[in-house]
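Written out below as structure tokens is the structure these notes cover.
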Amino acid sequence: MSGSFEKIQKNFGFGYMRLPMIGEEVDIPQTTKMVDTFLEAGFNYFDTAHGYIGGRSELAIKECLSSRYPRDKYILTNKLSPNFFKTEEDIRPLFQQQLDACGVEYFDFYLMHAMCASRLEQYENARAFEVALELKAEGKIRHLGMSFHDTAEVLDQMLTKHPEIEVVQIQFNYVDFE
């Protein structure tokens with residue numbers, strides 16, 4: 001597989017789920033310093049989702065990263081979160097909103113968010129996988145995947161049912177492994 005996978009440096013990502021805050025707003029100067037330090041250290045993978053920090057995460061991507069660095073200097077992952085769509089018709093407008101909020105023309109990775117056995121039906125009923133593949137064919141997504149929160153058996157079932165999945169992102173906390 002080629003493209004974004006080879007461009008990930010050092011296999012460690014910068015998650016935009018929790019950022020320094022000043023009250024209800026992202027601390028942009030502090031986050032900008034963190035982004036700069038991360039990139040200067042040779043890392044380049046950034047991860048966000050539409051609902052992170054009440055929608056402020058994507059805007060912080062634009063302010064601290066995408067408006068300040070050339071697009072080829074970082075890898076950006078975003079997600080289709082179940083709280084923000086019900087039907088197939090909801091997906092494309094949401095996706096465009098995500099591109100605009102992040103200030104980019106494509107996502108390196110676009111993941112079906114927080115996949116587990118109980119959520120699969122929502123994604124399938126809305127034809128989310130098919131829409132994502134269309135967006136990929138249009139060049140707006142480089143790689144299709146899912147973030148996963150369930151058992152190994154469920155993962156195997158999902159990957160068997162959806163061989164178009166190229167990447168699976170799992171949550172792993174080095175500090176709190178147990």
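How many nm is it between the label spots at Thr160 and Cys116, if each spot is 7 Å from the Cα in line with the beta carbon?
2.2
Starting from the Cα of Ile8, step 7 Å toward the Cβ, then list every residue of region 59-87 with an amide N under 16 Å from that point.
Taking a point 7 Å out along Cα→Cβ of Ile8, the residues of region 59-87 whose backbone N falls under 16 Å are 74-79.
Grab the Cα-Cα distance for Ile28 and Asp100, subtract it from 0.36 nm times how many residues apart they are, and report the gain in nm with one decimal.
24.1 nm
Taking 7 Å along the Cα-to-C-beta vector as the label spot, tell me the Glu124-Ala41 distance in nanometres, rounded to one decimal.
4.1
Return a whole-number percent for the relative contact order of the chain, with Cα pairs under 8 Å and 6 or more residues apart as the contact set.
With pairs under 8 Å counted, the relative contact order is 17 percent.
Under 20 Å between alpha carbons, and skipping anything fewer than 8 positions from Lys62 in its own chain: which aspartates and glutamates qualify?
Output for Lys62: Glu24, Glu25, Asp27, Asp36, Glu40, Asp47, Asp72, Asp100, Glu105, Asp108.
Pairs to check: Lys10/Lys86; Lys86/Lys136; Lys79/Lys161. Give those whose C-alpha atoms are more than 27 Å from each other in this structure.
Beyond 27 Å: Lys10/Lys86.
Enter the Cα centre distance for the pair region 1-64 and region 74-89, rounded to the nearest angstrom.
After rounding, the separation between the Cα centres reads 17 Å.
Using the Karplus equation 6.51 cos²θ - 1.76 cosθ + 1.60 (θ = phi - 60°), what ³J(HN,Hα) coupling, rounded to whole Hz, does each residue of region 14-27 give in order, writing x for Gly and Pro?
9, x, 9, 7, 10, 10, x, 10, 10, x, 9, 10, 5, 6
Scan the chain and note any complete DSSP helix (H) whose C-alpha atoms cover at least 15 Å along its axis and whose Kyte-Doolittle average is 0.5 or more.
none
How high is the relative contact order of region 4-90, given as a whole-number percent (alpha carbon pairs under 8 Å, six or more residues apart)?
Here the relative contact order equals 33 percent.
Within region 50-89, find all residues whose amide N lies under 17 Å from a label point positioned 7 Å from the Cα of Gln171 along Cα-to-beta-carbon.
Counting backbone N atoms under 17 Å from the label point, the list is 50-55, 57, 78-84.
Of all accessible surface on region 1-119 at a 1.4 Å probe, what whole percent is carbon and sulfur?
Roughly 52 percent, rounded to a whole number.
Before I look further, what does the chain give for accessible area per residue, probe 1.4 Å, in whole square angstrom?
Value for the chain: 54 Å² per residue.
The values are calculated or read from the model by the stated rules, or taken from the named source; none is laboratory data. What you are looking at is a predicted structure, and each value in this text was computed from that prediction instead of being measured. Virtual Cβ from ideal backbone geometry, glycine too; neighbours counted across all protein chains shown. Only protein heavy atoms, including side chains, enter the accessible area calculation; ligands, DNA and RNA are left aside. Shrake-Rupley method; radii C 1.70, N 1.55, O 1.52, S 1.80 Å.
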